[in-house]
Amino acid sequence: MSKIYDRVALIGLGLIASSLFWAIKRDGLAGEVVGYARSSETRDTAREIGLCDTVYDSAAAAVENADLVILCVPVGAMDSVAREIAPVLKTGATITDVGSVKRAVIDAVAPHLPDHVHFVPSHPLAGTEHSGPRSGFAELFENRWFLVVPVEGSDETAIKSIEALWQGIGSNTARMDPEHHDLVLAVTSHTPHLIAYTMVGVADDLSRVTDSEVINYSAAGFRDFTRIAASDPTMWRDVFLNNKDATLEILGRFTEELFALQRAIRTGDGEMLHDYFTRTRAIRRGIIEAGQDTDAPNFGRSKT
Ligand code: NAP
């Protein structure tokens, strides 16, 4: 692949930013990739491991002269970061973000941006439960979806360049509007995370089953929940606070289904349970056939 941008600035240097850095450098998609992180600890780590061509001590310094700025901070921090960088953005630069919620990020970022830049929000459907500058790896985005969520008036050339970058690091791209994105992700990611957090919390509360029993005899279903429930607390707090309506809608539907299954168990309605589990099994097969997961243990995510 050839170079798409001369200078890319990563704001926030955690899992997603560090993975982007390694992937963009591996594939030669940018002349240089610079970065900024809030804490001096993260900036020192980045310098130590060679994450970024230059690490700056302020977000404003990092974005100066950047053709592409990628906001890789928690959803709740997008507003303050956008406010800080807005006055120094280069004319014609593209600003994108990787936030897991789109409507709230657009509302937080767009009002700060000057007319002479292009805003093209994005969201990679790729991640692990790990966070921080050491957790990234170049293969994270391979064969994953990178959703592009243009805002009204987004420049088509700027959108196409961003799509080329995401495709260059191995992702498939699709465009979505923000509301639809937030509803789809409430179904596929946000509510499942909440359910995992809840189930692990239940095990923690159940005093008749000891902690060591939960750990020693952990079976596949629970183990997968604990992996999800180990995800970054700040990131997930912000996701729920910022995708409130869609998450509450899906949780409402989830509760209704749960009651129906509860009744089937109480009344011994085996036919209902069997039909239900047959339907859900087909969805799992569809995900594997679409190449979005494997049958390998730990979902095949052994790299992290
Ligand atoms: P992460 O590993 O926790 O890194 C977050 C980075 O943001 C860190 O460099 C942190 O700086 C910085 N930061 C945190 N709060 C900040 C604030 N108030 N102001 C400025 N900088 C701040 O997070 P991540 O997993 O890369 O997630 C980044 C974004 O990607 C989030 O918006 C998340 O929704 C989205 N996303 C995550 C995943 C996933 O699975 N993890 C998947 C898709 C999208 P310090 O290190 O200095 O604290």
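The values are calculated or read from the model by the stated rules, or taken from the named source; none is laboratory data. Everything numeric here is computed off the predicted structure, so don't read it as measured data. We place every Cβ from the backbone using ideal geometry, glycine too, and count neighbours over all the protein chains shown. All accessible areas refer to the heavy atoms of the entire protein, side chains included, with ligands and DNA or RNA removed. Shrake-Rupley method; radii C 1.70, N 1.55, O 1.52, S 1.80 Å.
Between L258 and D155, the modelled labels are 4.8 nm apart [label points 7 Å from Cα along Cα→Cβ]. Heavy-atom accessible surface of the chain, averaged per residue, reaches 51 Å², computed with a 1.4 Å probe.
Calculate, in nm to one decimal, what R227 and I195 gain on full extension: separation in residues at 0.36 nm each, minus their alpha carbon distance.
Working: separation 32, 0.36 × 32 = 11.52 nm, distance 1.24 nm.
Residue separation times 0.36 nm, minus the Cα-Cα distance, leaves 10.3 nm.
Would you mind calculating the relative contact order of region 189-304 from Cα pairs under 8 angstrom and at least 6 residues apart, reporting the percent as a whole number?
Working: 38 pairs, mean separation 25.9, N = 116.
So the answer I get is 22 percent.
Just so you know, the Rg over Rh for the chain is 1.01, from Cα atoms, with Rh as the Kirkwood radius.
The alpha carbon centroids of region 104-170 and region 25-65 are separated by 17 Å.
Structural descriptor for the chain: relative contact order 16 percent, calculated from alpha carbon pairs under 8 angstrom and at least 6 residues apart.
How much length is gained if the chain between H180 and R266 is pulled fully straight, taking 0.36 nm per residue apart and subtracting their Cα-Cα distance, in nm to one decimal?
Values: separation 86, 0.36 × 86 = 30.96 nm, distance 3.65 nm.
Between H180 and R266, full extension yields an extra 27.3 nm.
Under the 0.36 nm per residue contour assumption, what length would be gained going from the current alpha-carbon distance of D245 and A164 to full extension? Don't jump to the answer; show the numbers that get you there.
Numbers: separation 81, 0.36 × 81 = 29.16 nm, distance 3.23 nm.
My answer for the length gained is 25.9 nm.
Pairs of alpha-carbon atoms within less than 8 angstrom and 6+ residues apart define the contacts here; what relative contact order does region 5-176 have, in percent? Rounded, it is 24 percent for region 5-176.
From its DSSP helices (H runs of at least four residues, each -39,500 (n - 2.57)), the chain gives a residue-normalised ellipticity at 222 nm of -15000 deg cm²/dmol. In this structure the amide hydrogen of D97, modeled in the peptide plane, comes within under 5 Å of the amide hydrogens of L71, S122, none closer than 5 places in sequence on its chain. Per the 1.4 Å probe, what fraction of the accessible area of the chain, in percent, lies on carbon and sulfur atoms? Carbon-and-sulfur percentage of accessible area, whole number: 54. The charge dipole of the chain, taken about its Cα centre with unit charges on the Cβ of Lys, Arg, Asp and Glu (plus for the first two, minus for the last two), comes to roughly 520 debye.
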